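Structure record follows, encoded as structure tokens.
What follows draws every value from the coordinates through simple rules; no lab data is involved. Only a predicted model underlies this, so the values are computations on that prediction, with no experimental measurement involved. Cβ: placed from backbone, ideal geometry, glycine included. Neighbour counts: every protein chain shown.
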Amino acid sequence: MPPYLSEIADDVYAYVQPDGGWCLNNAGLVVADGEALLIDTAATERRALALREAVKSVSPSPPRLLVNTHSHGDHTFGNYLFPEAAVVGHRGTRTEVTQIGTHLTTLWPDVCWGDLELRPPQVTFEDRLTIHVGDTEAQVLHLGPAHTGSDVVVWLPGRRVLFTGDIVMSGATPFCPMGSVAGSLDAVRALRDLRPRVVVAGHGPVAGEELLDTTEGYLLLLQRLAKEGVAAGATVLDVAREAELGAFGELLDAERIVPNLHRAYLEEQGAERGCPVDMPALFAEMVEFNGGLPACHA
């Protein structure tokens with residue numbers, strides 16, 4: 001199924017890339033009074049150009065601001081194809097984008113990434129930022145280490161629409177080895193307090209508050225498995241192979257349980273939220289668990 005732009009509230013749009021698996025992320029758009037705010041981009045040159053065309057179909061002018069919810073390439077690689085926009089992000093996101101570079105492209109070398117140009121956030125902030133798009137208020141909120149070390153969400157209080165970035169997934173397995181399981185739980189609970197009507201997750205179909213419940217349930221399962229595994233002296237792979245995921249096993253990319261459990265193990269053993277991990281090693285272990293490279297259709 002091709003990507004599509006859906007109006008989810010007056011002049012507020014979700015750009016959804018099915019099926020929401022690896023590197024098939026969502027973006028958001030707010031249009032008002034001849035102005036536009038874009039939330040995230042896409043992983044490849046081709047997909048980011050398609051996003052640009054979709055934006056042009058509903059906005060009389062290119063976005064003047066582009067918010068990155070976090071540093072991962074599927075949300076940031078397309079920044080350079082919106083040269084009219086100032087890129088906004090958390091201070092830590094700028095650091096992460098600069099440090100990580102285009103490493104994501106090495107994980108799936110068969111993907112046609114295009115002629116990527118790294119463009120990290122140019123405008124950074126610490127805790128919260130308010131953006132006005134015409135009369136529409138967008139609150140950009142930093143929630144601490146969760147999916148990564150520096151996640152933000154975009155909340156439209158007047159529309160009760162929430163763009164969560166990858167703190168929340170829709171129909172896909174959460175992913176937090178670079179951030180924090182406990183921090184993700186705190187973030188989800190803070191998002192619930194907003195009482196959103198519409199939730200645009202970082203990946204997967206647009207839905208409602210029920211996505212917060214699914215995410216919370218999975219994260220609590222990770223903590224329980226890690227607690228039991230550490231107490232038993234079991235390896236992450238052993239726990240992952242024996243885990244009864246129930247309904248969570250039906251989510252896309254279930255192999256993410258391996259790097260997720262590594263983060264949960266660290267926290268169970270007292271490690272600081274967001275502390276560095278060897279992601280290439282964790283990715284390799286996930287590939288071993290999966291019996292091959294996970295599918296990426298970017």
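Take the Cα radius of gyration of segment 103-196 and divide it by 2.2 N^0.38 Å, N being the number of residues; the result is 1.25.
Based on alpha-carbon atoms, the Kirkwood radius and the radius of gyration of segment 180-237 give Rg/Rh equal to 1.10.
Can you give the calculated 222 nm mean residue ellipticity of the chain, where each DSSP H run of n ≥ 4 adds -39,500 (n - 2.57) and the sum is split over every residue, rounded to the nearest 500 deg cm²/dmol?
Details: 9 runs with 98 residues, N = 298.
So the calculated ellipticity at 222 nm is -10000 deg cm²/dmol.
Our coupling estimate for segment 210-221, obtained by passing each phi through the Karplus curve with A = 6.51, B = -1.76, C = 1.60 and θ = phi - 60°, is 4, 4, 5, 5, 5, 4, 4, x, 5, 5, 5, 4 Hz, Gly and Pro reported as x.
Projecting the Cα atoms of Y265, T173, Q139 onto the charge dipole of segment 132-290 (Cβ charges, centred on the Cα centre) puts Q139 farthest toward the positive pole. Of interest is the spacing of the C-alpha centroids, which for segment 14-82 and segment 120-165 amounts to 15 Å.
Across segment 137-154, rounded Karplus estimates of 3J(HN,Hα) from the backbone phi angles (6.51 cos²θ - 1.76 cosθ + 1.60, θ = phi - 60°) give 9, 10, 9, 9, 10, 8, 10, x, x, 8, 5, 10, x, 8, 7, 10, 10, 10 Hz, Gly and Pro being marked x. Simple rule: put +1 on each Lys or Arg Cβ and -1 on each Asp or Glu Cβ in the chain, find the dipole, and look at A27, F125, V97; the Cα lying farthest toward the positive end is F125.
The residue among S71, V16, S6 whose Cα reaches farthest toward the positive pole of the charge dipole of segment 1-134, with charges on the beta-carbon of Lys, Arg, Asp and Glu, is S71. Using only side-chain charges placed at the Cβ, +1 for Lys and Arg and -1 for Asp and Glu, the dipole size of segment 30-98 relative to its Cα centre rounds to 100 debye.
How long are the three semi-axes of the equivalent ellipsoid of the chain, in whole Å, if each is the root of 5 times an eigenvalue of the C-alpha gyration tensor, listed from largest down? Before the final figure, lay out the partial values.
Values: eigenvalues 188, 82, 60 Å².
Equivalent ellipsoid semi-axes, largest first: 31, 20, 17 Å.
3J(HN,Hα) along segment 195-203: 6, x, 8, 10, 10, 9, 6, x, 9 Hz, from the Karplus curve 6.51 cos²θ - 1.76 cosθ + 1.60 with θ = phi - 60°, whole Hz, x for Gly and Pro.
What base-10 log of the normalised intensity I(q)/I(0) is obtained for segment 87-126 from the Debye formula, alpha carbons as equal point scatterers, at q = 0.22 Å⁻¹? Each listed q maps to, in turn, -0.72.
Relative to the Cα centre, the charge distribution of segment 133-224, modelled as +1 at Lys and Arg Cβ and -1 at Asp and Glu Cβ, gives a dipole magnitude of about 100 debye.
Over all Cα atoms in segment 165-298, the spread is summed up by Rg and Dmax: 14.5, 43 Å. Based on the reciprocal of the average 1/r between different C-alpha atoms, the Kirkwood radius for segment 37-85 equals 10.5 Å.
In units of the compact-protein estimate 2.2 N^0.38 Å, segment 50-147 shows a Cα radius of gyration of 1.14. Charge dipole of the chain (Cα centre as origin; +1 on each Lys and Arg Cβ, -1 on each Asp and Glu Cβ, all else neutral): 400 debye, rounded to the nearest 20.
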